[in-house]
1. What is the magnitude of the charge dipole of segment B:54-198 about its Cα centre, with +1 placed on the Cβ of each Lys and Arg, -1 on the Cβ of each Asp and Glu, and no other charges, expressed in debye to the nearest 20?
2. With +1 on each Lys and Arg Cβ and -1 on each Asp and Glu Cβ, how big is the dipole of chain B about its Cα centre, in debye rounded to the nearest 20?
3. Using alpha carbon centroids, what distance separates segment B:101-156 and segment A:144-166, in Å?
4. Keeping all protein chains in place, calculate the accessible area per residue for chain A (probe 1.4 angstrom), answer in Å².
5. Over all distinct alpha-carbon pairs, what is the Kirkwood Rh of segment A:1-69 in angstrom?
6. Using a 10 angstrom Cβ neighbour count of at most 12 plus a DSSP loop assignment to flag exposed GluC sites (Glu not before Pro), which longest range of chain B is free of such sites?
7. Using a loss threshold of 30 Å², tell me which positions in segment A:61-108 are less accessible in the complex than in their chain alone. Probe radius 1.4 Å, ligands and nucleic acids ignored.
8. Just by accessible area at a 1.4 angstrom probe, what is the order of A:I100, A:I258 from largest to smallest?
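The values are calculated or read from the model by the stated rules, or taken from the named source; none is laboratory data. Model, not experiment: these values are computed from the prediction. FYI the Cβ positions are ideal-geometry reconstructions off the backbone, even for glycines, and counts take in every protein chain you see. With ligands, DNA and RNA removed, areas are computed over all heavy atoms of the protein, side chains included. Shrake-Rupley method; radii C 1.70, N 1.55, O 1.52, S 1.80 Å.
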2 protein chains.
Amino acid sequence: MSDLPSEWTHEPRKILRFSPGDKVADIDPNSTPGYTGDKDGSEEVQAERNERFADLQEMLYANGRAGDHRSLLLVLQGMDTAGKGSIVKHVVGAGNPMGIRYTAFGVPTEEERAHHYLWRIRKALPVAGQIGVFDRSHYEDVLVVRVHDLVPPEVWASRYVEINAFEKELVDSGTTIVKCAMFVSLDEQKDRLAARLKRPDKYWKYNPSDLDEREKWPAYQEAYQAVLDRTSTDHAPWFVVPCDKKWYTRLAVNELLIEALKSMELEWPPADFDVEAEQKRLKKA
Amino acid sequence: MSDLPSEWTHEPRKILRFSPGDKVADIDPNSTPGYTGDKDGSEEVQAERNERFADLQEMLYANGRAGDHRSLLLVLQGMDTAGKGSIVKHVVGAGNPMGIRYTAFGVPTEEERAHHYLWRIRKALPVAGQIGVFDRSHYEDVLVVRVHDLVPPEVWASRYVEINAFEKELVDSGTTIVKCAMFVSLDEQKDRLAARLKRPDKYWKYNPSDLDEREKWPAYQEAYQAVLDRTSTDHAPWFVVPCDKKWYTRLAVNELLIEALKSMELEWPPADFDVEAEQKRLKKA
């Protein structure tokens, strides 16, 4: 039985799931697939779903402590200003820091470049009971790397298969993967970058290279199309998240997380001690 | 100018600070030093101070991103059920996961035991802009280790000086350290352990060894006295936090964090690019 808020006419995990044949060019970043509510009512829904997420996250963490090896990995990919940071703050942030492991993948360091591109990724994987959050990820190695010709085409071209195998390995070892491809429109990106340039408390979020990347938009669209076509697998499908409406983005990713956690069919871990005996011991202690 | 809520008659960083001569035996875990409010009004105060903390934390993180090397380390030490987890969830949890690094220090692994006791601690230190949270810490090596005779007395006895030097090194390299010694009463601990044994959703927080530790209470009190006497330094003082009233514990640690962040005199980092030039570039992009 679903506890999905009534504003959702379709389950996000179904309606946002990338299907073979879907075209990046057809994505409307300003749309709100499956959701009939609007911004006004969204805060209340969000607050309630934040709590639901936090409860499930605590249960995952509790199970991890009790020996369950499962974990969850949220992969956030998207162009600058798509709202990755907003998801971390307003969705993941509702959880308990005890069980959250956040990693941002920027330009690789010298040490990272000396290793296989999955080296730094493996080091950041969530352990039992954790939710790992990747702010950008191994997909940079078939996105920015492809767009900027950082390695020869035959090298990045071989990575799709490698990534699928890598993710299969993770899933087989108990990690549920939620991959969100976040799409913002060119116009909305312009507005958001302009906002960062207007407010001194937002300067730190701005990088002149953002504009260089912006100029390569078509190449990125192409690279994203390839990523979705080639790495949206049954074991780790991609979800396409429209991002021009921040409130929708948050609601959608929140539901994707809740649905992933629910699919684990978590229960509170049973006591690994004799409860009555301990109660008696405690009385005398 | 202080923005401390009016319920506080004394600044927590002053009234809770351990002073030479203070006796652990005199601590009243049920007291609320410096605070005149009660539980009823505490939620509202807490909510407002959660936001204040979150704002300051974001500014610390922004500065870290902009090249400022400073960080903050929160050390939580206390007997089982003192409320370390509650601080992580309800105080630190108000922050952005992007800038929080939580580490719990349990029984050392085989690899950790093969290294110096500060090895695992150094690996978990916050980097620039981060708030590191230690759920237990290097102080375990002069607490549980001392109480259980895990190493000879001359070994643990030499650690106080070593810890002071280690923390001095951290402070000198830009880490502000907030050390909270959390004191719960024997009676309140009994109630909290009983609660964990009553609710299946709390079993995972219970460990039969908690009762063994409880029996060594006097030895722990002695070990805590030595920790406070010998490691409450000017560069990294201890704060003694009464913990029988959870709402007070949260308010107090929240203020200690806010005060530590305020003492850093953070500002939003200036743009490291030409704002006007970027605005012009963006218009054409």
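1. Using Cβ point charges on Lys, Arg, Asp and Glu, segment B:54-198 gives about 340 debye.
2. 720
3. Their Cα centres are 41 Å away from one another.
4. Solvent-accessible surface per residue comes out at 46 Å².
5. Hydrodynamic radius (Kirkwood, Cα pairs) of segment A:1-69 is 14.8 Å.
6. B:1-264
7. Residues shielded by partner chains are A:R65, A:V88, A:K89, A:G93, A:N96, A:P97, A:M98, A:Y102.
8. A:I100, A:I258
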